[in-house]
Amino acid sequence: MVAKKEKRGLFYSFAEVLLPRFPQLKKKLKYAGMEKTPVKFLETVVKSTVLLSFALILLSAIFLYYMDLSLLIEIPVAILIVLIVFNYFMLYPHARAVKRKKELDYEIVFAGRHIVIALKSGMPLFDTFVGTSSGYGEVSVEFKKIVDKIILGVPTTQAIREVAQDNPSKYFVRFTMQVANSVASGADVGGSLEAVLDQISKEQMIKLREYSQKLTPFVMFYMLFGIIVPSIGVVFATALLSVIRPGSFGFTSAILIPVFFLIAILQFLFLGLIENSRPRYLI
């Protein structure tokens, strides 16, 4: 079967030039579960960067014009905007891989127990994979890949290793590699998997305890820098400026609105940090 030739867009050639600068991109795309080739992904990133950067540069130029500032400032601003936007889009595979890892870690213990119970009841290994290929979220997607490879004639251990090498979850990799090693050595798969699952459960419990210990300082910093400092800071600045230059300075809406948005962004970052650091496990 002849492979379908990639459709080349306007920025395809430029993406090919950029590709050697990102040698780990192919692995990141596999970890993220993305089907795009590195060149096609870079082409999409370059296209999105051009469109978004153009809009932001135009807005910044309008802002500088109305502020009666020199438009020469727009040159470094434009370069900075392009770099920030490009690097932001390049973070997408990493962000998706992290999300995929969390989903895999969330279900792996229950899916693993399903396999162990099925094996101990006398069910063949392939049938246990088929049973686990639905109902366990992202874990089921990975087991479906193994099942599809085995159906196509790939040996069981090879199919497991091929799927595991592109997986971002160390728990999933440890579990499936234990299956592959047990099958290759002829050992009791159910017994060895049960020991691995117990170890994974203990590690997840330890991470949950570590998170509960980190939560107290997180909350303290949020209360301090997200609530107390901004509110007291505005009051203190108002009082100080009224003493230094009474009657000539005041906090108008032009100052308070940006301060409000800055406080909102700060609180959003704190809440996002707390939410993203929270481990999600089914144990």
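All of the numbers you see were taken from the coordinates with simple rules; none came from a lab. A quick note: this is a predicted structure, and the numbers were derived from the prediction, not measured. Glycine gets a Cβ as well: all are built from the backbone with ideal geometry, and neighbour counts include every protein chain shown.
If the Kirkwood radius is taken over C-alpha pairs of the chain, then at 10 °C and 1.306 mPa s the Stokes-Einstein diffusion coefficient equals 67 µm²/s. The alpha-carbon positions of the stretch 1-145 define a convex hull whose volume is 155 Å³ per residue. Helices assigned as whole DSSP H runs in the chain whose Cα atoms extend at least 30 Å along their own long axis and whose mean Kyte-Doolittle hydropathy is 1.0 or higher are found at 38-66, 253-276.
Which whole-number percentage describes the relative contact order of the stretch 12-90, with Cα contacts under 8 Å and a sequence gap of 6 or more?
It comes to 30 percent, rounded to a whole number.
Among Asn276, Phe236, Ala159, which residue has its Cα furthest toward the positive end of the charge dipole of the chain, with +1 on Lys/Arg Cβ and -1 on Asp/Glu Cβ? Ranked along the dipole, the leading option is Ala159. Which Cα, out of Ala187, Leu80, Ile206, lies furthest along the positive dipole direction of the chain (beta carbon charges, K/R +1, D/E -1)? Result: Ala187, furthest along the dipole toward the positive end.
Rounded to the nearest 20 debye, the dipole magnitude of the chain is 380 debye, with +1 charges on Lys and Arg beta carbons, -1 on Asp and Glu beta carbons, and the Cα centre as origin.
Label zone of Ala187 (point 7 Å out along Cα→Cβ, amide N under 20 Å): in the stretch 133-171 this covers 156-162, 164-165, 170-171.
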